[in-house]
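The values are calculated or read from the model by the stated rules, or taken from the named source; none is laboratory data. Only a predicted model underlies this, so the values are computations on that prediction, with no experimental measurement involved. A quick note on method: Cβ atoms are made from the backbone with ideal geometry, for glycine too, and the neighbour counts reach across all protein chains shown.
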């Protein structure tokens, strides 16, 4: 009987898991809010497009340095050889796990229409040279503000955790290139390989003050595909002398939807959307080419491959049906791709418990998967590292309830009218992520 007694005594001697008392954490974050609001307004007014985040990344890096983190900037290498504006801040505090906390930093080519006094008036140039409005229409300014608040709390509470905090400011999320660029630049050879990856994204359809956490697929993979149908041009009055690529493209659009409805299981969701169709210069000229742009979404690799194969077969099948020779088959390119965002079940349960303890169980919602996409999954190194990516409420609660009662929706991310309820969203993000990080750093 002595052995069980010794085991019991040893167990009782172990220290309890350290946590920042929720009241203390909320009080400290509330004290941070004037500075974090100033940060948010400055970031919102000065957005930068993907791969152009020079000033934004310098600001994030500077704030992390001020808080005592060991900071490296210009982390990342794109496929074309260009350097990225990634930021890595390390805070080491003895032996223990490494937790990677990620924020994105880029903005969208969207002209803001909110009418707010702090609305972005910035204009920028796309890679194609187009002059566009630039807006943090996806809330990355909220993410960065909360991220810096978390960094401050963790720096202040080193007595409550041990291990390494790895704060990652990621560029080029909107073009799904930034996470891969950082991985390709040796993120986990130049810096510690994390035991866990955590992050969050704001959503305007979730009440501010709450978070949404679920395990399994949370967001879809995303593939961009461009198809050029090659035909033979002719006068619009003589279609018999043409191989009309516009007609081929139109037939392809109808045909390819059969891939979703007839070639994949109804239990495995998939989406194929044709978002662009460009052809011709004049109404009485049948052009020689038509170019279509597609986005493809799915939650698993098998479905993804069936969708991509089905698109290729449908495009080539249309061309063959219209008598095009082998050297005139459609040109199909695949310029962008990202993996689905899949939350690890065991880690997500730990994250849920920590968030519930800090916010209250009623503020931690269960969320269904969506077909939107993210590139944060690249940071899991092929899902060998557990990840939880949760949703941060950014909708004004009363307005959301009124809209729901009226059967309406409010402007959400990527809308020029998106105006997050940023104060409670940032405060909730700091409280939740700090509690999560401390619970993992034990």
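Can you find even one residue in the range 150-160 that is at pLDDT 95 or above, within 23 Å of the chain's Cα centre (by Cα) and either buried (at least 24 other Cβ atoms within 10 Å of the Cβ) or not assigned by TED's automatic domain parsing to the domain that holds residue 49 (or both)? The answer is yes; a qualifying residue exists. Within the range 348-370, the set of residues being in contact (Cβ under 8 Å) with a residue 12 or more places away in the chain and either touching a helix residue (DSSP H, G or I) at 6+ places or on another chain (Cβ under 8 Å) or within 28 Å of residue 79 (Cβ to Cβ) (or both) comprises 350, 351, 353, 354, 355, 357, 358, 359, 363, 364, 370. For the range 217-229, the count of residues that are outside any loop (DSSP other than H, G, I, E, B), without any contact (Cβ under 8 Å) to a residue 24 or more places away in the chain and outside the structural domain of residue 372 (by TED's automatic domain parsing) is zero. In this structure, is residue 73 without any contact (Cβ under 8 Å) to a residue 60 or more places away in the chain and either farther than 13 Å from residue 169 by Cα or not assigned by TED's automatic domain parsing to the domain that holds residue 45 (or both)? For residue 73, the condition - without any contact (Cβ under 8 Å) to a residue 60 or more places away in the chain and either farther than 13 Å from residue 169 by Cα or not assigned by TED's automatic domain parsing to the domain that holds residue 45 (or both) - is not met. For residue 141, the test of being closer than 20 Å to residue 422 by Cα, outside the structural domain of residue 306 (by TED's automatic domain parsing) and part of a strand (DSSP E or B) is failed. Filtering the range 121-149 to residues that are more than 22 Å from residue 200 (Cβ to Cβ) and crowded, with 24+ Cβ neighbours inside 10 Å leaves only 134. The residue that is surrounded by the most Cβ atoms within 10 Å (Cβ to Cβ), counting only those in the range 181-214 that are in contact (Cβ under 8 Å) with a residue 40 or more places away in the chain and out of contact with any strand residue (DSSP E or B) (no Cβ under 8 Å at 6 or more places or on another chain), is 183. Only residues that are part of a loop (DSSP other than H, G, I, E, B), within 20 Å of the chain's Cα centre (by Cα) and surrounded by fewer than 22 Cβ atoms within 10 Å (Cβ to Cβ) were counted in the range 51-83, giving 3. Restricted to the range 328-442, the set of strands (runs of 3 or more DSSP E) holding at least 2 residues that are modelled with pLDDT under 95 comprises 331-338, 370-373.
Keeping to the range 256-273, report how many residues are surrounded by fewer than 17 Cβ atoms within 10 Å (Cβ to Cβ) and not in a loop (DSSP other than H, G, I, E, B). Summing the residues that are surrounded by fewer than 17 Cβ atoms within 10 Å (Cβ to Cβ) and not in a loop (DSSP other than H, G, I, E, B) in the range 256-273 gives 7.
Kindly indicate which of 171, 127 is at pLDDT below 95 and either in contact with a helix residue (DSSP H, G or I) (Cβ under 8 Å, 6 or more places away or on another chain) or over 15 Å from residue 60 (Cβ atoms) (or both). The unique qualifying residue is 127. Cβ-Cβ contacts under 6 Å between residues 6 or more apart (or on different chains), taken from a first residue in the range 253-276 that is in the same structural domain as residue 294 (by TED's automatic domain parsing) and touching a residue at least 60 places away in the same chain (Cβ under 8 Å) to a second residue that is surrounded by 15 or more Cβ atoms within 10 Å (Cβ to Cβ) and assigned to a helix (DSSP H, G or I), are listed as 255/314.
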